[in-house]
Amino acid sequence: VHDEPDRSPARRRDARENRERILAAAREVFASAGFEAPLDAIARRAGVGRATLYRNFPDRFALAAAICEDNLATLEALARALRGRPGAFMTLLSAIVEQQIEGHALVPALLTGPSAPDLAALAGRVTRLLAGPLRRARADGAVRADLTASDVLAVLAMVSAVVAGKASVRERRARAMRALALVVDGLVPRIDRVARSS
């Protein structure tokens with residue numbers, strides 16, 4: 001009984017590490033094998049038993065929701081780290097697109113699940129993390145002066161549509177990068193496009 005406080009933090013650390021390993025494995029398995037991949041494959045890749053996986057995530061929808069939440073938290077942390085830096089907007093945009101490439105099937109699957117995510121809340125969080133970097137990019141002349149957060153969300157929706165249904169991560173990345181390169185030409189100021197084409 002007396003050594004319970006010493007073991008408890010270790011158990012909590014083990015539980016956190018198990019959860020992180022499951023999320024990392026799920027990202028890889030969902031990215032390569034799709035949302036319907038067997039959860040046993042995720043448990044094996046994470047190096048945990050089925051009971052541990054189900055104790056953390058009762059079904060694949062809970063797992064997908066946790067990945068989406070973790071992705072957003074990662075983007076928010078990146079936005080804080082980049083605060084005030086030139087180029088922060090494009091860095092964040094690229095990071096979001098990379099998440100779309102890896103988790104292309106997660107949000108559509110969640111929308112059909114037992115508890116659909118609040119898309120307005122998700123969009124609000126993305127808008128807030130992009131707000132400062134977008135203002136800086138406009139002030140620096142790195143993007144069009146009339147570019148809005150709504151425009152950026154529309155661009156991200158376009159990229160999401162481009163990668164949807166593509167089985168190969170490599171193909172999704174190639175298509176997403178091509179689409180983003182084409183779209184970025186519409187994001188930069190018109191004078192820059194003229195200068196680059198002359």
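The values are calculated or read from the model by the stated rules, or taken from the named source; none is laboratory data. It should be emphasised that the depicted structure is a prediction, and the values quoted were computed from it without experimental measurement. As a convention, Cβ positions derive from the backbone with ideal geometry for all residues, glycine included, and neighbour counts pool all protein chains shown. Surface accessibility is based on the protein's heavy atoms, side chains included, excluding ligands, DNA and RNA. Shrake-Rupley method; radii C 1.70, N 1.55, O 1.52, S 1.80 Å.
Descriptive notes on the structure:
- Compactness check for the chain: Cα Rg over 2.2 N^0.38 Å is 1.21.
- Per residue accessible area of the stretch 37-170, 1.4 Å probe, in Å²: 51 Å²
- Expressed as a whole percent, the accessible area of the chain that falls on carbon and sulfur atoms is 56 (1.4 Å probe).
- Ordering of 14-27, 168-181 by packing [mean C-beta count within 10 Å, highest first]: 14-27, 168-181
- Karplus-derived HN-Hα couplings along the stretch 15-24 (A = 6.51, B = -1.76, C = 1.60, θ = phi - 60°), whole Hz, x at Gly and Pro: 5, 4, 5, 4, 4, 5, 5, 5, 5, 4
- Taking max minus min of the alpha-carbon positions on each principal axis, the stretch 55-165 gives extents of 47, 27, 22 Å, largest first.
- In the chain, the calculated helix contribution to ellipticity at 222 nm averages -25000 deg cm²/dmol per residue, counting -39,500 (n - 2.57) for every DSSP H run with n ≥ 4.
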